[in-house]
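Since the structure comes first, as structure tokens, the remarks are kept for the end.
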Amino acid sequence: MSGDNQQWVVGEIARHQSRLRAFVRCLLVRPSDVDDILQEINAVLWHKAHEYRPGTDFWAWACQIARFKALNHLRKLGRERLVFDDTVLLQLAAVAMEKLDHLEEHRAALDHCLRKLPPPQRQLVDLRYSAGQTIESISQSIGRPVGSVRQALFRIRSALQTCIERQLLAGGEPS
Amino acid sequence: MNSSPPPTDRLHQWIAELIDGQLTPADGAELNRLLQADPQSARQVVDQLILDSLLSEELGTESLTALVDLAGQSPAGEFCSGESNSGESPAGAWSRSRRGIGRVFSTRRAWHVAGALAVVAVIGLAFAMGRWERSSLASSSEIIVRAAIDAHAAPVERVYVVQTERSAAGVAGFKPPRDVRVTTQGDRFFVEMNRGERSWHWGLDPDGSIWLTLGARRAIVINRDEWGPALHHISSLYTLNVETLLKDLCKNCSLEYKEGTQGTHFITATADRRWSGRRLRQATIEVDRETKAVRRLEIQRDIPILGASTVTFTLVDSRAPDESKYRPQGHLVAPYRLLNRDTRLDLRRELLANWFGPLAERWIKTPEAKSP
């Protein structure tokens, strides 16, 4: 592979970081592992850049490597820490790969939908994702049970998902 | 009797626990069985996990930009805490948390602000070290740095690429791709942050207004007389009036001058051990002997929990300015809207808060009531 092509692959790795991260997130149980594995995947993609055939689907190629790396990581964790078996993991990987093809449209719609969230819900989202607080610390700070906070966040994400799908169907530009 | 699919509430609970990494092995086994039997549930799991990832990325700190590490604790930290002391009284846990959010400066769209602040903090540091605490400076360092200030005031546009490395997450031989560029010219600047298919810009235009793009077709413009305290900080940093803003940083560093080998001078600033809560371990400034431009700046920091990080600003281009890029129009696609002072104040503030976090609404100050 020429230097130009290698440079191109590096650019593609950068361009697909969000997708790769979300893809890995769909396979790993522990959120804290995601960024570490992503770094390893980046390194493998970089080292295997010469194996990429220009003109073929970069996302499919990267996904294949990411899936292999993530599954390998899960197997190393040991049976007791595994949540899903290989069949389900491959099923999740297939669904994720398909859905992530449209990640940028989803992201734009998410921007729009976040701005529509009522303030209390937005505040909860901010505590979890902007401030990076754990469910437990949010629970303590607002005086609600852990399960209740977790379910509230689930419902907010579901509402956002519905909003995103509606937005994508409408095809309107987010405000 | 209990062989029917679990109620939806149960599935939702499992997914919620899965997302937080709190699913018990027994519930995990149940969920695994359900996903094997019901592909629709698998789609629901994937939807939630993708959304979780997007929200973490959109709103939170994340590994792709360690720049926030730098900005979060030094100028941006001061900048944000200054904001929270601006007279509005906190009310309840929510507002306390929201101020916390501002302090860590972690919203995704604040990256370009954070990145910009980081760059300017470092550039400012370099210049401030030449201007602050004169008596404590080696005279050669002062001359060089002051010459650099003059060099940066010339009608030349300089472009710096910003790179960040972390010891903890680093993979040997591989640098995670990022693309952050700061273009400066005298008392103007614009910052470009590219990430994947998206990019953001903000800057200070020749009329003294700060602008921030909101996507490809809108920008908020804030005139100088509308700036809240935070924007004054930003502006001061970029126009190199750094003495007051960075004096704390500079008076806590010892400076050392070295002759470089390739047409450069080196100045190394090392944080004093007594500096409690110190924000950097060491900064190295490389100044071109001929042009007196800052060629390279390197900041080394020890970040609690995250380990060491190094942020490097490298001069990659000096060129004739492209004037259009110092205005928001140069980064927007027609038809576009500029939301300036003709736009309702509350709308601009709401947009700022939505895009840059809760504190951003105070970037535009409240107009003083006119006396009758």
Between A:ARG166 and A:SER137, the two model label points (7 Å from Cα along the beta-carbon direction) sit apart by a distance in nm of 3.3 nm
Compute, for chain A, the length of the dipole vector about the Cα centre, with Cβ point charges of +1 (Lys, Arg) and -1 (Asp, Glu) only. Units Debye, rounded to 20. 620 debye
Loop-only check: which GluC sites (Glu not before Pro) in segment B:22-61 are DSSP coil with at most 15 other Cβ within 10 angstrom? none
Is the shape of segment A:84-131 best called rounded, prolate or oblate, per the rule: a/c under 1.5 gives rounded, else a/b larger than b/c gives prolate, else oblate, with a ≥ b ≥ c the square roots of the Cα gyration tensor eigenvalues? oblate
With a 29 Å threshold on alpha-carbon distance, the violating pairs from B:LYS325/B:LYS365; A:LYS69/A:LYS99; A:LYS116/B:LYS365; A:LYS69/A:LYS116 are A:LYS69/A:LYS116
For chain A, list the DSSP H helices whose alpha carbon atoms reach 24 Å or more along the long axis and whose average Kyte-Doolittle value is -0.5 or above? A:58-77, A:146-170
Among A:ILE65, A:VAL146, A:LEU38, the residue whose Cα sits farthest towards the positive end of the charge dipole of chain A (+1 at Cβ of Lys and Arg, -1 at Cβ of Asp and Glu, taken about the Cα centre) is A:VAL146
Going by a ≥ b ≥ c, the root eigenvalues of the Cα gyration tensor, does chain A fall in the rounded group (a/c under 1.5), the prolate group (a/b larger than b/c) or the oblate group? oblate
Using only the Cα atoms of segment A:33-111, build the gyration tensor, take square roots of its eigenvalues as a ≥ b ≥ c, and label the shape rounded, prolate or oblate: rounded if a/c is under 1.5, else prolate if a/b is larger than b/c, else oblate. oblate
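Coordinate-derived values only; no laboratory data. Treat the numbers as computed from the prediction; the structure is a model and nothing was measured. Using ideal geometry, Cβ is built from the backbone for each residue, glycine included, and neighbour counts are taken over all protein chains shown.
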